[in-house]
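*Asks:* Before I ask anything, let me first share the structure, which is written out below as structure tokens.
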Amino acid sequence: TRIKNGMGDGLGSSQSPKILVIGCADSRVDPAAIFDCAPGQLFVVRNVANLMPPYCKNPTLHGVSAALEYAVKALKVEHIVIMGHGGCGGVKASLDGVSTSEDSGFEFIGQWVGLLDDAREKVMNSGSINPQYALELEGIETSINNLNTFPFVKEAIESNNLQIHGAWFAIGHGELHWRNNNNKRFEVVPTLCVEIKKEEEETKQDKKENDDNMMHAH
């Protein structure tokens with residue numbers, strides 16, 4: 001199927017997305033659809049339970065880390081969004097103990113969702129009445145913390161070139177919850193065209209005002 005209405009113009013030779021989304025592979029949670037974005041606007045990595053592993057230099061394969069490195073170093077993205085969702089099967093697998101089971105029937109999933117082991121223990125010790133939901137949010141915190149273990153991510157943040165965000169999508173209600181970076185609480189976003197677009201518009205407006213002021217000064 002060809003992209004309609006000229007959306008493919010200019011995309012054949014390059015890309016310059018400003019946002020990296022690390023989301024879940026779940027077929028119901030498409031970042032481009034949720035954020036109402038066209039091709040070329042998002043750089044997306046999807047995996048089971050929207051997990052970001054910590055920085056590690058061992059000689060194994062690092063698909064998510066490679067995508068992160070490319071997004072930050074080459075594409076110079078300005079935002080990274082860890083986006084979880086309701087009813088996540090990877091989170092349920094963690095709660096079901098797949099990461100510690102030797103006869104789960106899964107060869108790779110157990111080790112992968114083992115990234116949630118500490119978060120799961122924290123949730124279970126908290127006495128949460130909804131551990132599935134609690135671990136979905138705590139898993140986002142885990143991935144955000146892991147992002148900060150990458151030297152090039154820390155450098156970009158300290159240089160004010162990169163911001164990290166958390167989001168959680170309620171599939172059943174069609175609601176997007178955005179992480180408040182000040183108190184780490186998730187708040188419902190009124191529309192699905194979210195905070196990042198608002199921030200980008202504010203940045204463009206600030207730049208325009210600065211340019212106008214410079215022109216008047218001359």
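The values are calculated or read from the model by the stated rules, or taken from the named source; none is laboratory data. It should be emphasised that the depicted structure is a prediction, and the values quoted were computed from it without experimental measurement. FYI the Cβ positions are ideal-geometry reconstructions off the backbone, even for glycines, and counts take in every protein chain you see. Just the protein is used for accessible areas: all its heavy atoms, side chains included, with ligands, DNA and RNA removed. Shrake-Rupley method; radii C 1.70, N 1.55, O 1.52, S 1.80 Å.
*Asks:* Collect the residues in the range 95-132 that are in a loop (DSSP other than H, G, I, E, B) and open to solvent by less than 70 Å² (accessible area, probe 1.4 Å), keeping them in residue-number order.
*Replies:* Answer for the range 95-132, where residues must be in a loop (DSSP other than H, G, I, E, B) and open to solvent by less than 70 Å² (accessible area, probe 1.4 Å): GLY97, SER101, SER104, GLY127, SER128.
*Asks:* For the range 113-139, enumerate the residues that are within 23 Å of the chain's Cα centre (by Cα), over 21 Å from VAL81 (Cβ atoms) and among the aliphatic types (A, V, I, L, M).
*Replies:* Passing the criteria: only VAL123.
*Asks:* Which one of these does LEU176 not meet: (1) at pLDDT 95 or above; (2) not in a helix (DSSP H, G or I)?
*Replies:* Every condition holds for LEU176 apart from (1).
*Asks:* Taking the range 142-173, which residues are open to solvent by less than 40 Å² (accessible area, probe 1.4 Å), out of contact with any helix residue (DSSP H, G or I) (no Cβ under 7 Å at 6 or more places or on another chain) and part of a helix (DSSP H, G or I)?
*Replies:* Selection gives ILE144, ASN146.
*Asks:* Pull up the range 11-35, narrow it to residues that are over 25 Å from ALA156 (Cα atoms) and aliphatic (A, V, I, L, M), then point me to the one that is modelled with the lowest pLDDT.
*Replies:* Going through the qualifying residues, I end up with LEU11.
*Asks:* Another question, then. Take the residues of the range 21-50 that are over 21 Å from GLY89 (Cα atoms) and assigned to a loop (DSSP other than H, G, I, E, B): which is most open to solvent (accessible area, probe 1.4 Å)? Break it down stepwise before answering.
*Replies:* First, the residues of the range 21-50 that are over 21 Å from GLY89 (Cα atoms): 35-43.
Filter once more, so that each one left must be assigned to a loop (DSSP other than H, G, I, E, B): 35-41.
On the way: PHE35: 17, ASP36: 103, CYS37: 28, ALA38: 33, PRO39: 62, GLY40: 31, GLN41: 86 Å².
Applying the filter and picking the extreme gives ASP36.
*Asks:* List pairs: first in the range 77-91 and assigned to a strand (DSSP E or B), second open to solvent by less than 10 Å² (accessible area, probe 1.4 Å) and among the polar types (S, T, N, Q), Cβ under 9 Å, 6+ apart or cross-chain?
*Replies:* What qualifies is ILE82/ASN50; ILE82/SER143; MET83/ASN50; GLY84/ASN50; GLY84/SER143; HIS85/ASN50.
*Asks:* Every residue in the range 73-94 that is under 20 Å from ALA33 (Cβ atoms) and open to solvent by 20 Å² or more (accessible area, probe 1.4 Å), please.
*Replies:* GLY87, GLY89
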